[in-house]
Amino acid sequence: MESSRTTLRIIFFILLLDIMGVSLLWPVAAFIVQQYSNDAIMLTVLTALYSAAQFFAAPFMGRLGDSFGRRPVLIISLLGSCVGYIMFGVGGALWVLLISRLLDGFTAGNQSVAAAYIADVSTPETRVKNFTLFGIAWGVALVAGPALGAVFGEISLAAPAYLAAALCLLAALLSYFYLPESLARENRNTTPIKLADINPFTTIIKVLSNPVLGSVFVVLILFNFVFNGFSSTESLYLVQKFSVTPLQLGGLLTFAGLSLVAIQKILPPLIKRFGHQRFAVFSLIALAILLAITSITPQFNILFGVVSLRTMAAGFLFPTLGALMSSMVAPKDQGALMGVNTALHSATYVFGPIWAGLVYDHIHVDSPYWLGAAILLLTALYLSRVRLSPANQPLDKPNNDASSTSNLTPASD
């Protein structure tokens, strides 16, 4: 038991270092891009390139983890991110920045492999609790990353990128020297890797062909689409509506990060009390209501309470649905599952902001909130009508009826 706790502490620290590597660049990315181009579109192109590369690479990285183990793939992906951050810091030309984000995106199996690792070392009783490590890591990184990025950015614009590279290198070294392999050889996928496995759509279709997993992914896709959409326009919305300063925006982001950390401890008992499906439905409805409230809030200070509750509602969903999905497939398919999850999330990171920007510009500045609320309410209705398990019991075992039609191997907890 103590060994398992130690392993989870190491994987949490690796997750934290990895996520901080991304958030460190937030305060300086726009200034670095402006050295080479004054076009605002170039900043969004960097994000889109990263997400597109991640979409194509993540399922294959997950498949490699299923065949060769989580540890080597995690180390390789961290080293790839390290090289990408160094290139971003060195810069010298716009094409160097673009290649750096492509490289980082192609090797960005870090979080999906870490999720598969957590699934490997979890029991049905500890699965939800262990998946809350993602929420805690994201919450801490949202607070510490931008703060450190701003401080190091005062030294030089490249300093946050070099610090991000150093953190990824440290995470890779920790993985190499202290992190044991989580996927036993007898649980690995022995099917030979084919050229078709490089095609992300092959793995995505394979995973989504499971009707139960497909239903959960529909919910995740719609949630991420809305969340990434309104998040991308929120800073502009707050500046235009309340004339906020960067310090006020930073304070709101910090408060949101602390809220995300605070709620993780209460999640496992709530899941145990209500079950995965019912609690996810509740979280979607709560988030929809809070989005609507955001659009009608008359004063900026009130948003600290609203955004805090909104972050809590959103923060409930990933560990709830992530733990639910991981309980449905065998150990040899966890990497493919988490790779598909990462790929689909990266797709919503492209299309969500595009949707939000269009409705923001052409309908109303409040549109990402109330249209997002409508989508989430429909998603909650859909999830409430899906049969995920017999008698709506918490899903510690897969729905055998649905799993029998899956191309993936059912879990056998």
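Below are the figures for this structure:
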| quantity | calculated |
| --- | --- |
| Residue that is nearest to Gly372 (Cα to Cα), among those in region 207-224 that are open to solvent by 50 Å² or more (accessible area, probe 1.4 Å) and under 21 Å from the mean Cα position of the chain (by Cα) | Leu222 |
| Residue in region 339-357 that is farther than 25 Å from Thr47 by Cβ and among the small types (Gly, Ala, Ser) present | no |
| Those residues of region 100-135 which are under 24 Å from Asn187 (Cα atoms) and of a type in the set (Phe, Trp, Tyr), in sequence order | Tyr117, Phe131 |
| Subset tally (residues that are open to solvent by less than 20 Å² (accessible area, probe 1.4 Å) and either hydroxyl-bearing (Ser, Thr, Tyr) or in contact with a strand residue (DSSP E or B) (Cβ under 8 Å, 6 or more places away or on another chain) (or both)) for region 309-335 | 6 |
| Count - residues of region 187-206 that are open to solvent by less than 60 Å² (accessible area, probe 1.4 Å) and either polar (S, T, N, Q) or in a helix (DSSP H, G or I) (or both) | 7 |
| Test result for Ile302, surrounded by fewer than 21 Cβ atoms within 10 Å (Cβ to Cβ) and either modelled with pLDDT of 80 or more or touching a helix residue (DSSP H, G or I) at 6+ places or on another chain (Cβ under 7 Å) (or both) | yes |
| Contacts under 6 angstrom Cβ, first residue in region 226-245 being under 16 Å from Val350 (Cα atoms), partner open to solvent by less than 60 Å² (accessible area, probe 1.4 Å) and of a type in the set (S, T, N, Q), 6 or more apart | Asn228/Thr348 |
| Exclusive hit being out of contact with any Lys or Arg (no Cβ under 9 Å at 6 or more places or on another chain) and either open to solvent by 10 Å² or more (accessible area, probe 1.4 Å) or not in a helix (DSSP H, G or I) (or both), set Leu260, Leu290, Leu284 | Leu260 |
| Some residue of region 32-39 being among the hydrophobic types (A, V, I, L, M, F, W, C) and open to solvent by 20 Å² or more (accessible area, probe 1.4 Å) | no |
| Helices (runs of 4 or more DSSP H) completely within region 66-158 that count 3 or more residues being open to solvent by 20 Å² or more (accessible area, probe 1.4 Å) and under 30 Å from Tyr36 (Cα atoms) | 70-90, 94-106, 127-155 |
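A quick yes/no check of all residues on (1) open to solvent by 40 Å² or more (accessible area, probe 1.4 Å); (2) at pLDDT 80 or above; (3) assigned to a helix (DSSP H, G or I); (4) under 18 Å from Val96 (Cα atoms):
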position	(1), (2), (3), (4)
Ser3	yes, no, yes, no
Thr7	no, yes, yes, no
Ile11	no, yes, yes, no
Leu17	no, no, yes, no
Gly21	no, no, yes, no
Leu43	yes, no, yes, yes
Thr47	yes, no, yes, yes
Phe56	yes, yes, yes, no
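The values are calculated or read from the model by the stated rules, or taken from the named source; none is laboratory data. All figures in this text were calculated on a predicted structure; none of them were measured in a lab. Virtual Cβ from ideal backbone geometry, glycine too; neighbours counted across all protein chains shown. Each accessible area value is taken on the protein alone, full model and side chains, heavy atoms only, with ligands, DNA and RNA left out. Shrake-Rupley method; radii C 1.70, N 1.55, O 1.52, S 1.80 Å.
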